[in-house]
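We did not get these values from a lab; they are worked out from the coordinates using the rules stated. Quick caveat: nothing in here was measured; it's all calculated off a predicted structure. Cβ coordinates were reconstructed from backbone atoms using ideal geometry, including for glycine residues, and neighbour counts include every protein chain displayed.
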Amino acid sequence: MLDAFRELIDELLSAPAALRDAGLGTTDDEGALAALALLTERDAALLGRIQKTIRTNSPVLKAPPAIPSPESTAGSAAELMARFEIGRGELVSLLMNLTLKDWERTAIDWNGEEISVADDVEQHVEYDEQVQEELAG
């Protein structure tokens, strides 16, 4: 089971390099930069949901953002990439320090369904991979 969690973490770790290789650090494509900003916001939202789940009994979680906020899209491509990398590092750091019990903790998601930390992270990784594919071409 821990191997599956490690695999999720590895997938999250590979994203910054993949996005840099796709040219996101230097692009002027507004759609691509908005997607990067949204990934950054979704990373922060997941970080908050995980912290709430492991610290609270039966929390109710907010949905991840669907569109980037104007503040998150402000700045150059290099600045957006730097914010993404910092946020992703914070998320991965938290995940690497979770215990098996933490990964199994549950909350009520925005649809009223029970969701574990592991499932929430897996859904985030799937979204992340989808965005990377769209940005790569």
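Exposure proxy check: Arg55, Arg83 ranked by fewest other beta carbons within 10 Å?
Exposure proxy ranking, most exposed first: Arg55, Arg83.
Using alpha carbons only, how many degrees (0 to 90, rounded to 10) separate the axis of helix 30-55 from the longest principal axis of the chain?
Relative to the chain, helix 30-55 is tipped by roughly 20 degrees.
For segment 12-19, just list the computed ³J(HN,Hα) in residue order, Karplus coefficients 6.51, -1.76 and 1.60, θ = phi - 60°, integers in Hz, with x standing in for Gly and Pro.
For segment 12-19, the Karplus-derived couplings read 5, 5, 7, 4, x, 5, 5, 6 Hz, x marking Gly and Pro.
So how do 69-75, 46-52 stack up, highest first, on mean other-Cβ count within 10 Å?
Ranking the peptides 69-75, 46-52 by packing returns 46-52, 69-75.
Run the quick spin-label model on Ser116 and Arg55: label points 7 Å from Cα toward the beta carbon, then report their separation in nm to one decimal.
2.3 nm
From the list (i) 53; (ii) 67; (iii) 57, can you say which value of percent of Cα pairs over 17 Å apart was derived from the structure given?
(iii)
So what J values fall out for segment 126-134 if you push phi through Karplus, 6.51 cos²θ - 1.76 cosθ + 1.60 with θ = phi - 60°, rounded to Hz, Gly and Pro as x?
The phi angles translate into 4, 4, 4, 5, 4, 5, 4, 4, 5 Hz.
Any idea what angle helix 77-96 forms with the longest principal axis of the chain, computed on alpha-carbon atoms, 0 to 90 degrees, nearest 10?
The angle comes out at about 20 degrees.
Going by C-beta contacts inside 10 Å, put Thr106, Thr26 in order with the fewest on the left.
Thr26, Thr106
What does the helix-only formula give at 222 nm for the chain: each DSSP H stretch with n ≥ 4 adding -39500 (n - 2.57), the total divided by the residues, and the result rounded to the nearest 500 deg cm²/dmol?
Calculated from helices alone, the mean residue ellipticity at 222 nm is -22500 deg cm²/dmol.
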